[in-house]
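Reviewing the structure listed below.
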Amino acid sequence: MLLYLLKRLFSLIVTLFVASLVVFVVLEVVPGDPASYMLGINASADTVAALKSELGLDQSRFARYIQWVGGMFQGDFGTSYTYRTPVAEMVRERLNVSLPLTLFALTLAIVLAFPAGLLAASRRGGAADSVVMAITQLGVAIPNFWFAMWLVLLFAIKWQWFSAGGFPGWGEGFFVGMKALVLPAVALALPQASILTRVLRSSLLDVLNEDYVRTARAKGLTRRQALWRHALRNAMIPVLTIIGLQFSFLLAGAIIIENVFFLPGLGRLIFQSIAQRDLIVVESVIMLLVFAVVVVTFLVDIAYAWVDPRMRRGF
Amino acid sequence: MALLTLEQLSVSIHDTPVLHNLNIDIEAGEVLGVIGESGSGKSMTALAIMGLLPHGAALSGQIKFNGLILNELSEQERAKICGDDISMVFQEPMTALNPVHTIGDQVIECIRLHQNISGKAAAELARETLAQCGLPPDEFPLSRYPHELSGGQRQRVVIAMAVALKPKLLIADEPTTALDVTTQAEILDLLLSLKQTYDMALMLISHDLAVVANMASKVVIMKEGHVVEQGPIEPLFRELSHPYTRALFKASDHVPDRKNMPSIQPSESIQGTDTHDDVSKDDTNRTANTSDIKSAGTSGHYSPLLEVSDLICEYPGTRQGWFGRSKKFRAVNEVSFQVHAGESVGLVGESGCGKSTLTRAILGLMNPASGQIAINGRNITQGFEVLRHVQVVFQDPYGSFNPRHKVQRLVSEPLHVLTQKVSSKERKLLVAQMLESVGLHANDADKYIHEFSGGQRQRIAIARALIIRPKLIVLDEAVSALDVSIRAKVLDLLASLANSHGLAYLFISHDLSVVRNVTDRVLVMQAGAIVERGNTGDVFNHPAHEYTQRLVASVPRLPDYAHVAEHPL
Amino acid sequence: MSVAASSRFKTLLPGAFLVLVFFGAALISFFYTPFDVETLNIKNRMLTPNAVNWLGTDHFGRDILSMLMVGARTSIAVAFIAVGIGVLFGVPLGLLAASYRGRWADEFIMRGNDLVFAFPALLIAIMITAVFGPGAVNAIIAIGIFNVPVFARLTRGASLSLWNREFIMAARVAGKGSARISFEHILPNILNLLIVQSTIQFSLGILAEAGLSYVGLGAQPPTPSWGRMLADSQTLTTVAPHLALFPGMVIVLTVLGLNLLGDGLRDWLDPRLRRER
């Protein structure tokens, strides 16, 4: 068990290291010098050089990579080229929106998908199954940002239950903040909930065909009891994989959805930074997102071992 | 009144009838054997009793148990009976237990489902029952997971779940088919003793006549969803009046006609030697003695067709600790033997004894850690043209063929190994010839494999093996998956091909009775080593090694009163 | 009616029909569109559906039906090429990994896969855009890169179980090498799976392209694209909801069609599933 975790942890570290190299190398070849961009075309060569040395752009690429990675370990993401403020602060502020949004959406997707998937699987071929399958078939096909536009039109503009966009900040209270995230989270969660429902259903149906479910029935469990006590936990393995993948989809999807709702999250920050050639911010945000994805993958690996005792053995 | 009565029971699945008007009785405390080949509906009968028929099944008739009509009860009412009054043991112990729950939880669940007792009391009962089924609590605590147990041990857990509440009827569907022969004997003994202790009725479903004959007092013989005949076992087996029963008996102990057996039987005298050194020395001596006869047709130095010497095969084991060196698992441990042209050599052993690894090494599919394998005196590491004298027929008639290719392409595949190119016209001719020689039609070359039955597929596998005219065919459990009647025909085919093509066979099987009937010599393998070797008759009649003795003793035998030979048609 | 036939009527045929409609529309747009999509006609802006402009006009007075037809080209081309990239690189990598199962080449390929998986498609697109600027080609590359590990993993997983099958051993006994076995025996047997996965990735590609175009990382004006049309319509939803309605519906129907087609193909191609479910 411990060995299994250590192995996963090792692979996590390697992935992060290589990812940081990739991000750094790719963005290093970006045409356009941030210093001259920031100062405009009329700036003198001296001022550009001065700014370059202030930003650390005159050092060798290797030195800058070491500085960047070393800094990230200490929570120092460098200084924004555009705003001259610490990147870490900017990111933290934006993360306060993006992370709650992603987790909210993921929770919503799971909360919707489990009852729906269980219902469909236990009534396979029945009316409930058909309805769930039809809704999810549609849910999978709907682009979340388009869905979001209609949510805004209906719930914000027509009925005015929610605001159409923007974020009041957590300072106004938890529920005020959460309320602003409801529509974005619903928009994000619907397609993911559909996918999760379908995966859970088909995984349950696969497991229900297993010999040990038949054994459980022979012991005197009803179909439904066998589904709950024996099938569900075994069916969780593919479902966990999908939940892990969905986290990264949701993070990425949040970037788009933030645009619909004018939310000051990481997504808006990253688009702004690209437009302003503020590469250090782009690099840092990408690394942060990659970090989140890799950590979630690691957590999913741990969850495997928790669900399936066979994974705990040896390695 | 009978404990369980099936009255005019018929079942169809998606409108295909699978059971036709069955009428079967089981009295309290008796053992009823149900015998049938695949597709006979014997398992379906068990599932119908348990109410576990697959999706899309329709049932008519009545299943009466203890005054209740089971098939008219609701799911809840039925669930109360299943696992309490009637319980069931399945064929496949490896998949019958839920991998994510401990064995204790699974037994306790069964108990608490039907009895309102505390968890502690249930655990105590579970521990007791497991101990009674041969899993003592100090060695097999309730906290064990299924994957930590062997197949036989898992089957004991399944049995413990089934008998924990002392059912009135236990249905065992091929409970030992997936197990080794020695384990089979133990499990059958266990079932019989449990039956006695709890005074329960036992419905034993099996394809194996001998297993049923030794256990049951009454027998039902099924074929294609019908009851062929039923009654008390002794008169039925003694008289064999029904032609199907008689045919079943004949096929199950079929001795193929092997006319031109090698005139010189290799006179291996050493038996029961553990030390391979002596054996290989002896092999060499004997080779010297017989070489003049064996190589009569050829000139020069004689070398055996297949010579395996000091072979060791290893697998990487699980690593010990974080940086610990992995301990290698030695699957084949210093094995030496020879196969001579035209002879049939059996290799028997239980699962995990290393016979599959040995097969793979001989076929050139894995590299041995040390030792040599030579064919006609040439080491197989010299490339595939050496291996062209050896071909193989595998166990699974379904998995042995690429389902996307036609028979023409499947059968001609081994031609790849020849250095000469074979024109497509020649290929066609060869394939047609091969198909006809295995009893199929030349036209079959244009069909896909799914159009053939299991027995026909094994014939195609033999045709594929024959096409490059090998000297030796490795039969890796080649008839183990076949029903007895089809098995008998395939064995006949193999015997006649050996005669006409001068083939040698290396017959690898866990089924001792088949090996006994078709081989000249036999090698007994245990834990990676050959523990006994010799002429087949000698080894089976007078086993010298303790393991062989145990193996031979475990083989279920038909009772003396039931032998076809005494009843000529 | 048998189970297979009923599933064909429920999924395969409607799916194929929808897909054909949109592919057909994209093809026809090369020869004919009701109106020219590059001529602006401010006078006729934001018309609701009528006899002349069946689906109405946008804020520049362009005919929406014509734009959707031309936009279908972009969506289909981007998704199709991206799937092509995924198959072209992913499948051979997966076959290779499976034939070297357990050895370092396998490990190397799979860890590479994990690495790419750590970058959601959108992040790849953002990085490419940061370097080369926005455009349809970036969208193709980003979605294509994302598809590679998807196909590599699928191919490897399916091939691994085949490598243990007896017919592969029989081929090895016939002296055939790994590469030859991979193409002769493994590939034909995983083809169904790859076809089904391709339709799924195709539909995901359509969604991803729409998303990227929507945030301005995909096709650039004047190239019409469904995602761009949605982005343009966003501020106008209160005045002219049909501007957002039709492009969105077209995306939903195309994706739905592809998914139905994929499900139908899976049931139809896999005889095991044909019996159950």
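Results for (1) touching a residue at least 60 places away in the same chain (Cβ under 8 Å); (2) surrounded by fewer than 22 Cβ atoms within 10 Å (Cβ to Cβ); (3) touching a helix residue (DSSP H, G or I) at 6+ places or on another chain (Cβ under 8 Å); (4) not assigned by TED's automatic domain parsing to the domain that holds B:L503, shown as yes or no for each residue.
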{"residue": "B:A432", "(1), (2), (3), (4)": "no, yes, yes, yes"}
{"residue": "B:E436", "(1), (2), (3), (4)": "no, yes, yes, yes"}
{"residue": "B:L440", "(1), (2), (3), (4)": "no, yes, yes, yes"}
{"residue": "B:N443", "(1), (2), (3), (4)": "no, yes, no, yes"}
{"residue": "B:E451", "(1), (2), (3), (4)": "no, yes, no, yes"}
{"residue": "B:Q458", "(1), (2), (3), (4)": "yes, no, yes, yes"}
{"residue": "B:V474", "(1), (2), (3), (4)": "yes, no, yes, no"}
{"residue": "B:A478", "(1), (2), (3), (4)": "yes, no, yes, no"}
Test: residue in the range A:92-108 that is at pLDDT 85 or above, of a type in the set (S, T, Y), in a helix (DSSP H, G or I) and surrounded by fewer than 17 Cβ atoms within 10 Å (Cβ to Cβ): yes
Condition check for A:R217: of a type in the set (D, E, K, R), under 16 Å from B:T95 (Cα atoms) and open to solvent by 40 Å² or more (accessible area, probe 1.4 Å): yes
Of C:V148, C:V252, the only residue that is away from chain B (no Cβ under 14 Å), surrounded by fewer than 24 Cβ atoms within 10 Å (Cβ to Cβ), free of Cβ contacts under 8 Å to residues at least 24 places away in the same chain and closer than 16 Å to C:A79 by Cβ is C:V252
Please go through (1) open to solvent by less than 30 Å² (accessible area, probe 1.4 Å); (2) in contact with a helix residue (DSSP H, G or I) (Cβ under 9 Å, 6 or more places away or on another chain) for B:G231 and return the number of the only condition it doesn't satisfy. (2)
Can you name the number of the only condition in (1) open to solvent by 10 Å² or more (accessible area, probe 1.4 Å); (2) in a loop (DSSP other than H, G, I, E, B) that B:P167 fails? (1)
Scope the range C:123-145; condition of a type in the set (G, A, S) and in contact (Cβ under 8 Å) with a residue 40 or more places away in the chain; matching residues: C:A125, C:G135, C:A136, C:A139, C:A142, C:G144
Which condition does A:I237 not pass, out of (1) within 14 Å of chain B (Cβ to nearest Cβ); (2) touching a Lys or Arg at 6+ places or on another chain (Cβ under 8 Å), if it passes all the others? (2)
Considering residues that are of a type outside the set (A, V, I, L, M), part of a helix (DSSP H, G or I) and open to solvent by 30 Å² or more (accessible area, probe 1.4 Å), the number found within the range A:145-169 is 4
Listed residues C:P224, C:P188; which is open to solvent by less than 40 Å² (accessible area, probe 1.4 Å), assigned to a loop (DSSP other than H, G, I, E, B) and either out of contact with any strand residue (DSSP E or B) (no Cβ under 6 Å at 6 or more places or on another chain) or acidic (D, E) (or both)? C:P224
Can you say whether C:I81 is buried (at least 18 other Cβ atoms within 10 Å of the Cβ) and within 21 Å of A:F145 (Cα to Cα), as far as the supplied structure shows? no
Let me confirm something: among C:L162, C:L217, C:L193, which residue is within 14 Å of chain B (Cβ to nearest Cβ), open to solvent by less than 40 Å² (accessible area, probe 1.4 Å) and touching a helix residue (DSSP H, G or I) at 6+ places or on another chain (Cβ under 6 Å)? C:L162
The lone condition C:G177 fails out of (1) open to solvent by less than 10 Å² (accessible area, probe 1.4 Å); (2) more than 8 Å from every other protein chain (Cβ to nearest Cβ); (3) more than 25 Å from C:A130 (Cα to Cα) is (1)
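Please report, ordered by residue number, the helices (runs of 4 or more DSSP H) entirely within the range B:1-108 with at least 1 residues that are within 14 Å of chain A (Cβ to nearest Cβ), at positive phi and open to solvent by less than 20 Å² (accessible area, probe 1.4 Å). Break it down stepwise before answering.
Numbers: elements: B:42-50, B:75-81, B:93-96.
Per the criteria, no element qualifies.
So, C:V131, is that one among the aliphatic types (A, V, I, L, M) and either surrounded by fewer than 21 Cβ atoms within 10 Å (Cβ to Cβ) or modelled with pLDDT under 90 (or both) or not?
Spelling it out, C:V131 is indeed among the aliphatic types (A, V, I, L, M) and either surrounded by fewer than 21 Cβ atoms within 10 Å (Cβ to Cβ) or modelled with pLDDT under 90 (or both).
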Single residue of the range C:255-266 satisfying the filter (open to solvent by 10 Å² or more (accessible area, probe 1.4 Å) and over 14 Å from the mean Cα position of the chain (by Cα)) that is farthest from the other protein chains (Cβ to nearest Cβ): C:L265
Pick from A:S122, A:S130: which is within 14 Å of another protein chain (Cβ to nearest Cβ), of a type in the set (S, T, N, Q) and without any contact (Cβ under 8 Å) to a residue 40 or more places away in the chain? A:S130
Within the range B:414-441, of all residues that are under 28 Å from the mean Cα position of the chain (by Cα) and not hydrophobic (A, V, I, L, M, F, W, C), the one nearest to C:E184 (Cα to Cα) is B:P414
When you go through C:L204, C:L261, C:L230, C:L217 one by one, which is the residue that is among the hydrophobic types (A, V, I, L, M, F, W, C) and part of a loop (DSSP other than H, G, I, E, B)? C:L217
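Hey, any hits in the range B:113-127 for a residue that's more than 28 Å from the chain's Cα centre (by Cα), facing chain A (nearest Cβ under 8 Å), open to solvent by less than 30 Å² (accessible area, probe 1.4 Å) and at pLDDT below 95?
Filtering the range B:113-127 down to residues more than 28 Å from the chain's Cα centre (by Cα) leaves B:113-127.
Now narrow it down to the ones that are facing chain A (nearest Cβ under 8 Å): B:113-114.
Narrowing the set further to residues that are open to solvent by less than 30 Å² (accessible area, probe 1.4 Å) leaves none.
No: zero hits.
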What number of residues within the range A:133-155 are within 17 Å of C:H242 (Cα to Cα) and more than 7 Å from every other protein chain (Cβ to nearest Cβ)? 6
Yes/no for A:V300 being crowded, with 17+ Cβ neighbours inside 10 Å, more than 10 Å from every other protein chain (Cβ to nearest Cβ) and closer than 18 Å to A:A113 by Cβ: yes
Please go through (1) at the interface with another protein chain (Cβ under 10 Å from one of its Cβ atoms); (2) crowded, with 23+ Cβ neighbours inside 10 Å; (3) at pLDDT below 90; (4) in a helix (DSSP H, G or I) for C:A244 and return the number of the only condition it doesn't satisfy. (2)
Being surrounded by fewer than 23 Cβ atoms within 10 Å (Cβ to Cβ), assigned to a helix (DSSP H, G or I), touching a residue at least 60 places away in the same chain (Cβ under 8 Å) and of a type in the set (V, I, T): is that true of B:T182 here? yes
Some residue of the range A:176-188 being surrounded by 14 or more Cβ atoms within 10 Å (Cβ to Cβ), touching a Gly at 6+ places or on another chain (Cβ under 8 Å), closer than 26 Å to A:I237 by Cβ and not small (G, A, S): yes
Conditions: (1) open to solvent by less than 40 Å² (accessible area, probe 1.4 Å); (2) more than 10 Å from chain C (Cβ to nearest Cβ). A:I255 meets all but one. Number of the miss? (2)
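The values are calculated or read from the model by the stated rules, or taken from the named source; none is laboratory data. The model shown is predicted, which means the values in this text are computed figures rather than measured ones. We place every Cβ from the backbone using ideal geometry, glycine too, and count neighbours over all the protein chains shown. Please note that ligands, DNA and RNA were not included when accessible areas were found on the heavy atoms of the full protein model with its side chains. Shrake-Rupley method; radii C 1.70, N 1.55, O 1.52, S 1.80 Å.
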